[in-house]
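Laboratory data are not the source of any read-out in this text; all were calculated from the coordinates shown. What you see is a predicted model, and the numbers here were worked out from it, not measured in a lab. Heads up, the Cβs are rebuilt from the backbone with ideal geometry, glycines too, and the neighbour counts pull from every protein chain shown.
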Amino acid sequence: MSFEIRAIAERDIAAFHAVLDSVARERQFLSFLEAPPLDQIRSYVLNNIENGQSQFVVVDDGRIVGWCDILTNTRKTIYAHCGTLGMGLLPSWRGRGIGRALIRRTVDAALGSGLTRIDLTVREANLNAIALYKSVGFATEGLHRNAVRIDGCYENVISMAFVADEAKLTGTPDDEASR
């Protein structure tokens with residue numbers, strides 16, 4: 001398996017937008033059902049680059065196939081030590097260890113920038129993602145009942161967090177080769 005994980009760059013914006021939109025349209029994983037317009041994504045990515053946010057893409061054979069970011073809330077200083085993780089992979093690249101390597105790289109960068117807590121939410125039915133997050137040191141913190149409604153159907157959402165002084169980023173030695 002040959003793939004590269006690298007920091008997102010301005011040249012990646014259109015491809016990142018396409019992957020984000022594809023994953024969103026699956027209607028199973030993200031907090032939106034389609035990507036925002038390209039101009040909004042351009043501003044979002046350029047702002048993340050300018051502010052040193054941890055945002056990475058997975059490139060396989062020259063094609064962006066996924067992303068992971070950990071963004072801080074820069075407006076609230078009492079949460080300056082916290083970041084929120086978001087990620088996605090195109091279906092053909094799931095279940096191959098790429099997500100684990102991608103999370104590890106992004107968490108390492110976020111911890112290196114001074115964050116000590118990383119949180120996320122995940123739909124309760126997304127068992128593969130929950131297992132992935134647990135495998136790298138995230139712990140369940142809470143349940144949000146009926147937090148999501150799509151086409152009239154409700155879903156619960158789980159809150160998870162990685163706390164640097166309580167968790168140790170884990171993974172397999174094979175993940176190191178892709179870094």
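Considering only segment 102-132, state which residues are in contact with a Phe, Trp or Tyr (Cβ under 8 Å, 6 or more places away or on another chain) and of a type outside the set (D, E, K, R).
Within segment 102-132, Leu102, Ile103, Thr106, Val107, Ala109, Ile118, Leu120, Val122, Asn126, Ala129 qualify.
Given (1) of a type in the set (Ser, Thr, Tyr); (2) touching a residue at least 12 places away in the same chain (Cβ under 8 Å); (3) not in a loop (DSSP other than H, G, I, E, B), identify the lone condition not met by Tyr44.
(2)
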